[in-house]
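The block underneath contains the structure these notes are about, expressed in structure tokens.
None of the figures in this text is laboratory data; all of them are computed from the coordinates on show. Being a predicted model, the structure only gives us computed values, none of them experimental. Heads up, the Cβs are rebuilt from the backbone with ideal geometry, glycines too, and the neighbour counts pull from every protein chain shown.
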Amino acid sequence: MARIPIPVGAWGNISISGTRGDYRATARFRLANGKTVPRFRGGATKEAARNALLEHLTELREQAIAGEVSGATTVGSFADEWFTRWRESSKPPASTVRTYRAAVRWIRDELGMLRLTECTTGRLEKGIGRISDAHGQATAKQARSVLRRIFADAVRLDALTANPALGISTVKERPQEVRAMTAEEVQALRTAARTWEATPVTANKPVRREIADSIDVMLGTGVRTGELLGIRWHDVDLDADLPTVSVMGTVTRGADGEGMIYQPAPKSETSKRVLYLPAIAVDALRRQFDDREFRAESEAIFPSEIGTWRDPSNYRAHFRQVRKIAKLDWVSPKTIRKTVATAIYSADGLDNASQQLGHSEVGVTAKHYVQRLNIGPSGVVGVLDDWLQSAS
């Protein structure tokens, strides 16, 4: 039977030879390249020679396994190290950094004390289940995705031989019925926005009482909130035969929690798009251009009170005040996006609705943004009339 090799970074039995005052301790050590070589150290006594060799072998071991991860590493520690490596190597956008940092925190809370070798698929799945119960299915879905990447890195670094996270069941979000606004509800929201703007401000600090035009732009384009607040003056062409707006970026909070920044790439590459503007959006933007000289210097058409990029969270807070006046508590900026998608889908098909919203797949539009009306095709009327006449 073949002899089992010494593990990389380890050594075999230590033997001692020599005479009093001149002893030599010897052992075979396996290098990082797999070669096994003899190493030795001397000493005046057997104990001194042994200790000198052990010190030498320990230094060699640290060199041989430097940077290696063992299966005894905890999930929490390895997840933090993975996050640092991922962020430095891929240079992700700020919004993705925040999302992944949150996922790592949830993973660390639920699974962090387990060692990598203790992580079976079943244990990981139970951890994802606890995340789902505590934070919701969307959060658990993101944590599952990050967990798969973390354990793929553990396999790459030889801490594990297989990725146990690959077997975790897909987190299925409960389907929610898409609800779009009616024409009457759209008008009620627009009226409420103008009412809210006219409400006197009692706060001592500046408050942005401007939202009606931004709602009209959303109604005319279906852009996301961050995209809306990221529209710059030079992104708009109102003098063209068909006026357009170029959606080339989004407003988001910095990766480490600092202030609002403009992120050149929107949510995905397909989000970069040029949209033709209907009259409602053109009129709203013209009003903004007319008022431009009376506001703080800013790149943004819809900036903050002091001319910086407007915080989407603050914008949504003002939006909630508007919808309360309209008695439309179920409506959000995303509802406007669904309403635009449904209107285009009903008149011009799903593909065009998907392109307008900047989705990479029409399936996303169909599943999450279009209200299904469940109306039969009008063409069947003639078919049935002909069939019934022939049967009579």
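Remarks
- Extension gain, Ala138 to Lys126: 0.36 nm times the residue separation minus the Cα-Cα distance gives 2.7 nm.
- Here the simple spin-label model places points 7 Å from the Cα toward Cβ, and for Ser89 and Asp256 these points are separated by 2.2 nm.
- When all alpha carbon pairs of the stretch 301-347 are counted in 10 Å bins from zero, the resulting P(r) reads 23, 39, 31, 7, 0 %.
- Mean separation of Cα contacts under 8 Å, 6 or more apart, over the residue count of the chain: relative contact order %: 12 percent
- Over the stretch 5-134 - Rg/Rh using Cα atoms and the Kirkwood inverse-distance radius: 1.23
- Modelled FRET efficiency - R0 30 Å, Arg316 with Asp385, Cβ distances, 0.05 increments: 0.05
- Sparse-neighbourhood loop sites, trypsin sites (Lys or Arg not before Pro) in the stretch 2-98 - DSSP loop, at most 14 other Cβ within 10 angstrom: Arg3, Arg20, Lys35
- Annotation: average projected area of the stretch 183-368 is 11.3 square nanometres, based on the convex hull of Cα atoms across all directions.
- P(r) tail fraction, the stretch 212-262 - alpha-carbon pairs more than 18 Å apart, %: 36 percent
- The trypsin sites (Lys or Arg not before Pro) of the stretch 116-199 that DSSP puts in a loop, and whose beta carbon has at most 16 other beta carbons within 10 Å, are Lys172, Arg179.
- Using all pairs of distinct alpha-carbon atoms, the Kirkwood hydrodynamic radius of the stretch 15-64 works out to 11.0 angstrom.
- Computed E for Arg179/Thr270 - FRET, C-beta separation, R0 25 angstrom, nearest 0.05: 0.50
- Around Ala255: net Lys/Arg minus Asp/Glu count, Cβ-Cβ under 11 Å: +3
- Whole-number percent relative contact order across the stretch 75-167, with pairs defined as alpha carbons under 8 Å at least 6 apart: 31 percent
- Residue with peak Gaussian network fluctuation, the chain [Cα springs, cutoff 10 Å], from Gln187, Gln263, Gln63: Gln63
- The share of Cα pairs per 20 Å bin across the chain, counted from zero up to the longest distance, runs 20, 38, 24, 13, 5, 0, 0 percent.
- Under the shape rule built on the C-alpha gyration tensor, where the axes satisfy a ≥ b ≥ c, the stretch 75-167 is oblate, since a/c reaches at least 1.5 while a/b does not exceed b/c.
- Each residue, Arg115 and Glu81, gets one label point 7 Å from its Cα in the Cβ direction; the gap between the two is 1.4 nm.
- Approximate spin-label separation Leu31-Asp283, in nm, with each point projected 7 Å along Cα-to-Cβ: 8.1 nm
- Calculated FRET value between Ser70 and Lys367, using beta carbons and R₀ = 51 Å, to 0.05: 0.75
- Violating pairs (Cα-Cα greater than 21 angstrom) within the set Lys172/Lys324; Lys126/Lys367; Lys338/Lys367: Lys172/Lys324; Lys126/Lys367
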